[in-house]
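The values are calculated or read from the model by the stated rules, or taken from the named source; none is laboratory data. Keep in mind that what you see is a predicted model, and the values were worked out from it rather than measured. Cβ atoms come from the backbone with ideal geometry, glycine included; neighbour counts cover every protein chain shown.
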Amino acid sequence: MIELTERQKLILALVIRDYIETAQPVGSENLQKRYRLDASPATIRNEMVQLTDAGYLRQPHTSAGRIPTEEGYRYFVRQLMGHIELPSDSKRMIAHQFYQVGHDPDRWMRLAASVLAHQSKAASLVTSPHVEQAQFKHLELINTRGRQVLMVLVMSGGDVRQQMLTLAEPVSQELLSATADHLNQILSGLNLDRINAYSSQLDALEQDITKLIIEDLRHSSHILGGEVYRDGLTQVLAEPEFSESESARNALRVLEERPLLEDLLTRTIETTNVGGVQVLIGGEGTWEELRDCSMVLARYGAPGLATGALGVLGPIRMAYGRTISTVQFVAGLLSDLVVELHSE
């Protein structure tokens, strides 16, 4: 990253601001007139050439103005933008909306996704809060037919998982019930690590069941252990950047393919403190699916109790200041609601 002069910083910031609003290349003459800059169009043009050579701007066509590059956006977000507060009236309106829905977590998540999409004019996602160290609470084993068994696992916090098991040989309902009763007695209140350490002391059938319990606990402790709430997808696909079908498909993949989203959140948000924000611009050289997109992600909740993730996906030409401030504010509201829920 080269050191920019104050005038170059100003011109870069104004080019980005103009391009975010218009989605059109920015010329030096229009920039000088619109913002009444104390420099001639020729001087501004020379500075834009310097910014282009530095990798912060590019010229899509020979006769066109300049548009920001991914590096230009990154420099803007990290060096020039500064802290931007969400307007007070927006804060009051959003806080009132959450107050009206009460303490229903499902309604929180749906409202959070709706607010993020509306305020940022982009697509949003919110994961439901999950217990960071899921604990075993109760197990039921139900014989269906032959070697097929339905396992119903209840974890602390009320998360319920069901799956069909295929045992090595048929087992009576009486033995299954006895096995479930024994596991309920010895595993109640234990987390994944303690159950894992205990499993070697169990008989063969109990060990097989316990392996599946451990897998479910591990999945429940993951940031995508629960439901993912989405909103605003149609409006983000209407942006000019997504007029090409491939770009649109990539945006859809990020939001809808769970393994991809899981990898992305695991490598960004799970290492972020609650309230912290991560800005991903153009995939950051890691996620090819994000090459035409930017994401603003945050973690919410209460460490040691329950946490989740929320964020916004839009074109790289994103209003970063307002989007980041909105994501931070909604994350703060959800964190407060998680603390209230668990204190009750």
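Mind telling me which of the residues A251, A309, A331, A298 ends up being more than 27 Å from S88 (Cβ to Cβ), crowded, with 18+ Cβ neighbours inside 10 Å and among the hydrophobic types (A, V, I, L, M, F, W, C)?
The unique qualifying residue is A251.
What are the residue pairs meeting all of these: first residue in region 197-213, first residue in contact (Cβ under 8 Å) with a residue 24 or more places away in the chain, second residue outside any helix (DSSP H, G or I) and among the aromatic types (F, W, Y), Cβ atoms under 8 Å, and 6 or more apart or on different chains?
Going by the 8 Å Cβ cut-off, the qualifying pairs are I213/F136.
Going by the structure shown, is Q24 farther than 30 Å from A112 by Cβ, in a helix (DSSP H, G or I) and more than 24 Å from the chain's Cα centre (by Cα)?
no
If only one of G304, G321, G308 is touching a residue at least 24 places away in the same chain (Cβ under 8 Å) and in a strand (DSSP E or B), which one is it?
Only one candidate passes the filter, namely G308.
Being among the hydrophobic types (A, V, I, L, M, F, W, C), out of contact with any helix residue (DSSP H, G or I) (no Cβ under 9 Å at 6 or more places or on another chain) and not assigned by TED's automatic domain parsing to the domain that holds Y300 narrows it down to one of L150, L167, L175, L187, so name that one.
After applying the criteria, what remains is L150.
Would you check which residues across region 69-85 are surrounded by 13 or more Cβ atoms within 10 Å (Cβ to Cβ) and outside any helix (DSSP H, G or I) and list them?
Scanning region 69-85 gives T69, M81, I84.
Among the residues of region 47-68, which ones are surrounded by 12 or more Cβ atoms within 10 Å (Cβ to Cβ) and outside any helix (DSSP H, G or I)?
Once the filter is applied, which keeps residues that are surrounded by 12 or more Cβ atoms within 10 Å (Cβ to Cβ) and outside any helix (DSSP H, G or I), region 47-68 yields A54, G55, Y56, L57, R58, Q59, A64, G65, R66, I67, P68.
Residue-by-condition table, conditions (1) under 21 Å from L260 (Cβ atoms); (2) assigned by TED's automatic domain parsing to the domain that holds T22; (3) β-branched (V, I, T):
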site	(1), (2), (3)
T286	yes, no, yes
V296	yes, no, yes
R299	yes, no, no
T307	yes, no, yes
Q328	no, no, no
L333	no, no, no
L337	no, no, no
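Looking at (1) over 21 Å from R110 (Cβ atoms); (2) in contact with a helix residue (DSSP H, G or I) (Cβ under 6 Å, 6 or more places away or on another chain), find the lone condition where V312 falls short.
Failing condition for V312: (1).
Just one of A64, A39, A13, A23 is of a type in the set (A, V, I, L, M, F, W, C) and under 26 Å from W287 (Cβ atoms); which is it?
Only one candidate qualifies: A23.
Name the single residue that is surrounded by the most Cβ atoms within 10 Å (Cβ to Cβ) among those in region 86-102 being touching a Phe, Trp or Tyr at 6+ places or on another chain (Cβ under 9 Å) and within 17 Å of G321 (Cα to Cα).
In this case the residue turns out to be L86.
Considering each residue of region 157-177, count those that are assigned to a helix (DSSP H, G or I) and loosely packed, with under 15 Cβ neighbours inside 10 Å, and give that number.
4
For region 173-182, what are the residues that are in contact with a strand residue (DSSP E or B) (Cβ under 7 Å, 6 or more places away or on another chain) and farther than 15 Å from H138 by Cβ?
The answer is Q173, and nothing else.
Restricted to region 1-33, and to residues that are touching a strand residue (DSSP E or B) at 6+ places or on another chain (Cβ under 9 Å) and more than 19 Å from Y75 (Cβ to Cβ), which residue is surrounded by the most Cβ atoms within 10 Å (Cβ to Cβ)?
It comes out as S28.
Cβ-Cβ distance below 6 Å, separation of 6 or more or different chains: which pairs start in region 90-101 with a residue that is under 10 Å from V330 (Cβ atoms) and in contact (Cβ under 8 Å) with a residue 12 or more places away in the chain and end on one that is part of a helix (DSSP H, G or I) and of a type outside the set (G, A, S)?
That search, which allows pairs on different chains as well, returns I94/V115; F98/L333.
With the condition kept exactly as written, say whether any residue in region 213-232 is at pLDDT 80 or above, over 25 Å from V115 (Cα atoms) and buried (at least 20 other Cβ atoms within 10 Å of the Cβ).
Within region 213-232, one or more residues are at pLDDT 80 or above, over 25 Å from V115 (Cα atoms) and buried (at least 20 other Cβ atoms within 10 Å of the Cβ).
State which residue is nearest to the chain's Cα centre (by Cα) when the search covers only region 32-44 and only residues that are among the charged types (D, E, K, R) and within 13 Å of L10 (Cα to Cα).
So the residue we want is R36.
Looking only at region 130-162, which residues are at pLDDT 85 or above, farther than 17 Å from L192 by Cβ and within 32 Å of the chain's Cα centre (by Cα)?
V152, Q162, listed by residue number.
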